[in-house]
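Heads up: the structure comes next, in structure tokens.
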Ligand SMILES: Cc1cc2nc3c(=O)[nH]c(=O)nc-3n(C[C@H](O)[C@H](O)[C@H](O)COP(=O)(O)OP(=O)(O)OC[C@H]3O[C@@H](n4cnc5c(N)ncnc54)[C@H](O)[C@@H]3O)c2cc1C
């Protein structure tokens, strides 16, 4: 896309922007232009339709495959094929769920434009957040404990079994472990409802240290994303020297490569050495490396991205979702990655909401148990 053309997650913010897009056929551009101007069915109001369906209707298949999908990694946003658009990213409805743009709407839409200020990075890495949280919670946290089971011992008393050796009593419990794990200790608590089964996928990151002179085709900017419809397994390449001020003047290139998508699990299940070899060959080709990288480190994020089907989502979106209700009755408030959304922002919002619900529950219990 032309530098001056505003985009949102790589998609042109305004219909005219589509003409500047590289790599799309003329037919695809025409379809995107016409659909975004004239079609106005309210697909976004119907949770039977996924984000993928919504965007295809508004902008056409090619725009979804080559522009939208690569900018929404599963690990951060979940799958656009499995989530209704309002849950996935409500901004897409504001921007693309309209038939035409009025004059002042144009100004409002520019607030969403990609560019500096839309993404935040901790200068000292994610540990900055953890250290800061630890300062506030020291002495109140019990860390490095594995919850083995959760049971109800009396009407308002829960028992948490830790490490299979010790137990802890609690009036209320917030569950924010990943849904696959939560299933193992929540299932025994009630037979009234079944927690939805989840399919989790794995992703991987490979870190490369490369001699600067070896890179014959250095990427511009902080890196790039690669669409699903390509022969590469790599989904994203980040040049850390261009992203982190700390590495700007570094002697070598430090490059992070992400890979792994839903329904492409075969690669990540291979042995470490084989995975590294495959990804290394892709990086060698893309960056035209004249020599081998100096260092390659592989991280595997096993079952890190839980997915629910569209059907399960519809049930989960119900305000009076029976699973939530059944657990809440017992003082157990269930969240976790993928339950109401994905990513750090969602995790923080969800944590606050669950804490709020637990406090209300405990106050209610206190009131009921009070002799007055
Ligand atoms: C490679 C990768 C890159 C990502 N990049 C980004 C990004 O750039 N921006 C962004 O917003 N999001 C990103 N995400 C997504 C983000 O990490 C998650 O959405 C977020 O961490 C979810 O927070 P959470 O607290 O719900 O779950 P988690 O962070 O997964 O926390 C769950 C915790 O529960 C613990 N646990 C599990 N089972 C038990 C048990 N039985 N007993 C006790 N503890 C248990 C786990 O050890 C873990 O600490 C990324 C994810 C991955 C995998």
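Just so it is clear, none of the values below were taken in a lab; they were calculated from the coordinates. Computed from a predicted structure; not experimentally measured. Because the Cβ atoms are built from the backbone with ideal geometry, glycine has one as well, and the counts that use them run over all protein chains shown.
Relative contact order, percent, of the stretch 199-306 when contacts are C-alpha pairs under 8 Å separated by at least 6 residues? Write down the numbers at each step before the final one.
On the way: 197 pairs, mean separation 50.8, N = 108.
The normalised contact order for the stretch 199-306 reaches 47 percent.
Sorting check: for 137-148, 304-315, which peptide has the highest mean count of neighbouring beta carbons within 10 Å, and how do the rest follow?
Details: 137-148: 9.4, 304-315: 17.3.
Averaged packing, sorted descending, gives the order 304-315, 137-148.
Given a cut-off of under 8 Å on Cα pairs at least six residues apart, what relative contact order in percent is computed for the chain? Relative contact order of the chain: 19 percent. In the stretch 1-64, Cα pairs under 8 Å separated by at least six residues give a relative contact order of 30 percent.
Using 0.36 nm per residue, how much length does the chain from residue 71 to residue 22 gain when fully extended, once their Cα-Cα distance is taken away?
Values: separation 49, 0.36 × 49 = 17.64 nm, distance 1.56 nm.
Value of the extension gain: 16.1 nm.
For the chain, the longest principal axis of the C-alpha atoms and the axis of helix 343-369 are separated by about 10°.
So what is the calculated 222 nm ellipticity per residue for the chain, using -39500 (n - 2.57) for each DSSP H run with n of 4 or more, over all residues, to the nearest 500 deg cm²/dmol?
Details: 13 runs with 125 residues, N = 372.
Calculated from helices alone, the mean residue ellipticity at 222 nm is -9500 deg cm²/dmol.
Taking only alpha carbon atoms, the stretch 199-306 gives an Rg to Rh ratio of 0.97, where Rh is the Kirkwood radius. Distance between the modelled labels on residue 144 and residue 217, one decimal in nanometres: 4.7 nm (7 Å Cα→Cβ projection). Pairing the Cα long axis of helix 272-286 with the longest principal axis of the chain, what angle in degrees results, from 0 to 90 and rounded to the nearest 10? Compared with the principal axis, the helix lies near 30 degrees. Note on the chain: Cα-only Rg and Dmax are 23.7, 80 Å.
Counting only alpha carbon atoms, the long axis of helix 26-38 and the longest principal axis of the chain meet at about 50°.
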